[in-house]
Structures are given as C-alpha cells and as structure tokens.
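Here the structure is laid out as structure tokens; the discussion comes afterwards.
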Amino acid sequence: MSKEVLLVAGTRPEAVKIAPVAIALRGHPSLSPTIVHSGQHSGMVEQALSAFDLVPDIRLDVPRRTGTQAELVAGLLPEFDRLLDERDPAVVLVQGDTTTTLAGALAAFWRGIPVAHLEAGLRTGDLYGPFPEEGNRQMISRITSLHLAPTDDAANALTSECLPDSDIVVTGNTVVDAVQRVAAADVPARDPRLALLERRLDVNNHRLVLLTVHRRESWGRPLARVLHAVRSIVDRHPDVHVLVPAHPNPEVREQVDAELSGHDRIVVTDPLDYSDLVRVLRRAALVLTDSGGIQEEAPTFGVPVLVLRETTERMLAVDAGCAWLVGTDTTRILAEAGWVLGSRLRLPLGRNPFGDGRAAVRVCAAIERLAGLPTALPRREPYRTLAGVR
C-alpha cells in the first residue's frame with residue numbers, strides 16, 4: 001500500500017518548485033504524491049502547474065477579505081488540520097518561506113506528521129529583510145523533520161543553528177529541474193503580447209530586458225525609484241525593450257501602470273505562464289528582479305541579473321558572478337544596467353550554481369528515508385556546485 005506525500009503550494013514559485021518532485025514521485029512503487037493548493041494565490045498555482053501537465057489534487061477554500069497575513073494563517077490552519085485528519089499522510093512537503101509554507105508546516109507538526117522542507121536553509125540574517133519570509137523560514141526550520149537544502153551554503157546555515165546534521169540533505173534546487181524541463185519543451189508563446197513583442201524584437205534585431213518586482217519592502221518609494229530607472233534605461237538604449245509581468249497585487253500593479261504606461265518599448269502584462277517566462281529568460285539580455293526564483297533560473301541561460309534588494313539569501317549567484325546586488329537606488333541601477341547592456345555581457349551556459357537538474361531525484365530518495373522506506377542514497381550525498389564539493 002502506497003504512503004501518501006502531500007505536496008503543499010499556495011504561490012506560483014512554490015508550484016514550480018514542487019512540480020519536479022510530483023513528477024518524480026509519479027509511478028513510485030511505495031509513495032503517492034498529492035498536490036494541495038492552499039488558495040493563497042488563486043489561479044497562479046494552476047497556471048504554473050499547467051506547464052508540467054499537472055493540476056492540484058486538492059484545493060482549500062480560504063476566503064480573504066482584508067488580505068493580511070493574520071487572516072490567511074487563521075483561515076489556513078483549520079483547513080490544513082481538517083485535511084491532515086482526513087488523509088493522515090506519511091509526509092507533508094512544504095516549500096520555501098510563504099504564509100502557506102508556515103501554516104502547512106505548523107499544522108503537520110501539531111498532528112505529529114513529519115515535515116519535509118524543500119529549499120531549507122536560506123538566510124539573510126535580517127528578520128525584516130525580506131519580510132515576512134525570513135521570519136517564516138527560521139520558524140519552519142525549528143519544526144522540520146527533513147531539511148532539503150538546495151546548496152552547501154544553505155546546509156551550513158542550518159548546521160550553524162545547531163540543527164542535526166543527520167536531518168539535512170543537500171539536493172540542489174528543483175527550480176533548475178523545472179526550468180530545464182520547460183525549456184526543452186520549447187512551447188510557443190501563449191501570451192499574445194509576448195508573441196507580438198517577440199516578432200518586433202526579431203524584425204528590428206532588438207534586445208529584451210525582463211523586470212519583475214513584488215516584494216513588500218519595495219512597495220511605495222523604493223519601487224518608484226526602480227521604475228524611474230527602468231524608463232531611463234529604455235530611453236538611453238534605443239534597441240532595448242522591457243517586459244514587465246506585473247504582480248497581481250493591486251498596489252504593485254497600480255504603481256507599475258502609473259510609472260511605465262505610455263512608453264512604446266515597455267510592455268506590461270499580467271503574470272506570464274511559466275513556459276512564457278522561460279521563453280523570456282532564454283532571450284533576455286538582462287534581468288532586473290527582486291524575485292528569488294528568477295535569481296536561480298536565469299543562470300541556466302547565461303543571463304546577467306541585477307537584484308533589486310539590499311540583501312539576498314541567494315548569495316551563491318552573486319559569488320558565482322551571475323548576479324549583482326544593486327538595491328533600489330536609481331543611480332546604481334542605471335550604472336550597472338548600462339555596463340551590462342553596453343558590454344553585451346553574457347555568462348557561460350551550463351554553470352547554474354543552484355543545481356544540475358537532478359534535485360528531484362535526491363529529494364525523493366530523502367523522502368523515502370523519512371517515510372521509513374529503504375534507499376541506497378547516503379544522507380549527505382555529495383552535491384557539486386560552483387562553490388565546490390561537500
């Protein structure tokens with residue numbers, strides 16, 4: 001009889017990163033994956049999973065009125081508890097550092113169900129940067145049974161917090177598995193605005209810059225500085241177009257539309273299908289982002305990344321020369337973007353410091369052990385990154 005593994009996702013990045021694990025678990029002789037959509041970002045989880053021919057098996061019903069973190073946690077906890085009581089899974093796998101992740105881990109811990117934390121060990125050391133993600137992931141680590149660290153640095157952060165080394169497995173990041181799989185499929189652009197932009201770029205031999213911004217600490221004045229810099233970048237480089245898949249949060253979208261509308265080489269869209277996002281990354285000359293996932297995805301395609309934050313829990317990209325921390329200062333963004341675009345910088349392909357595309361296999365082997373199944377993979381399997389070998 002198969003043991004059930006609940007794979008929890010409530011946001012698009014969570015869905016992308018659990019998808020390779022769900023695929024790897026399909027057909028497993030002793031483990032059965034069940035994808036649970038918390039409802040945190042309605043529509044976006046389904047959109048992300050569709051790129052992998054996956055759909056949520058279960059969707060929680062958590063109405064939201066105020067949009068606060070407290071409201072979401074208060075709604076999610078009883079829903080997760082009811083679900084765990086009904087299904088009694090062998091393992092609950094949560095990903096990252098969102099409110100969904102925290103609530104899912106806490107509900108499983110209270111039920112005595114082992115928690116596997118995918119992408120464990122990311123740290124900035126600043127509880128308010130990013131907020132609330134840094135606090136969420138530190139809390140989750142205290143109640144996790146299996147820490148699936150994406151890199152050596154993440155594993156070392158966990159051991160420095162006195163977490164048992166025997167509970168930590170370095171797997172690589174499943175987002176590399178995901179981006180490789182979707183890129184290999186090479187699906188045509190689904191968003192008509194992206195398809196039109198691609199034709200325009202091809203006809204004029206122009207270049208593409210991707211901008212994604214959504215973090216709470218950037219709302220308001222910091223975001224205004226970023227958007228001002230973006231308009232200036234386009235004005236200074238006549239062959240550059242900017243694509244902005246705007247975050248669905250109405251505050252972010254309103255500010256983006258107000259600052260960037262009316263420029264004929266800036267295209268603002270709704271959030272892109274994951275396959276479309278991968279298409280954009282493959283041909284982008286530069287990425288400006290405060291997204292953690294894109295910092296991990298872009299190196300697969302040799303795309304330079306300017307990180308619009310003061311700190312990042314993904315310093316491996318910076319240390320490997322794949323990304324540069326520029327914050328939200330307009331002058332610095334303009335200087336760094338001007339250097340990248342002026343030099344037409346590209347990075348070596350096939351040197352993504354976050355993974356080799358086999359992270360999901362390692363994750364499944366670790367879950368087998370957690371579920372009490374025999375496996376041949378040693379707990380601390382050496383995983384090669386650009387930083388070296390464990």
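The values are calculated or read from the model by the stated rules, or taken from the named source; none is laboratory data. Everything numeric here is computed off the predicted structure, so don't read it as measured data. Neighbour counts are summed over all protein chains in view; Cβ atoms, including those assigned to glycine, are modelled from backbone coordinates with ideal geometry. Ligands, DNA and RNA are excluded from the accessible area calculation, which covers all protein heavy atoms including side chains. Shrake-Rupley method; radii C 1.70, N 1.55, O 1.52, S 1.80 Å.
Here are some notes:
- Tally of residues being open to solvent by 10 Å² or more (accessible area, probe 1.4 Å) and touching a residue at least 24 places away in the same chain (Cβ under 8 Å) across the range 68-78: 3
- Of everything in the range 97-148 that is part of a loop (DSSP other than H, G, I, E, B) and of a type in the set (Val, Ile, Thr), the residue that is nearest to the chain's Cα centre (by Cα) is THR98.
- Top-ranked residue in the range 288-330 [being without any contact (Cβ under 8 Å) to a residue 40 or more places away in the chain and part of a helix (DSSP H, G or I); ranked as surrounded by the fewest Cβ atoms within 10 Å (Cβ to Cβ)]: VAL318
- Subset of the range 11-49 that is in contact with an Asp or Glu (Cβ under 7 Å, 6 or more places away or on another chain) and in a helix (DSSP H, G or I) - its residue that is surrounded by the fewest Cβ atoms within 10 Å (Cβ to Cβ): GLN47
- Search result, residues across the range 257-287 that are touching a residue at least 40 places away in the same chain (Cβ under 8 Å) and either among the aromatic types (Phe, Trp, Tyr) or open to solvent by less than 10 Å² (accessible area, probe 1.4 Å) (or both): THR269, LEU272, TYR274, SER275, ASP276, VAL278, VAL280, LEU281, ALA284, LEU286, VAL287
- Pair list, Cβ < 7 Å and 6+ apart or interchain, from the range 109-125 residues that are within 19 Å of PRO164 (Cβ to Cβ) to residues that are open to solvent by 40 Å² or more (accessible area, probe 1.4 Å): PRO114/SER145; PRO114/LEU370; VAL115/PHE109; VAL115/SER145; ALA116/SER145; ALA116/LEU370
- Restricted to helices (runs of 4 or more DSSP H) entirely inside the range 151-256, those with at least 3 residues that are exposed (fewer than 15 other Cβ atoms within 10 Å of the Cβ) are 192-204, 221-236.
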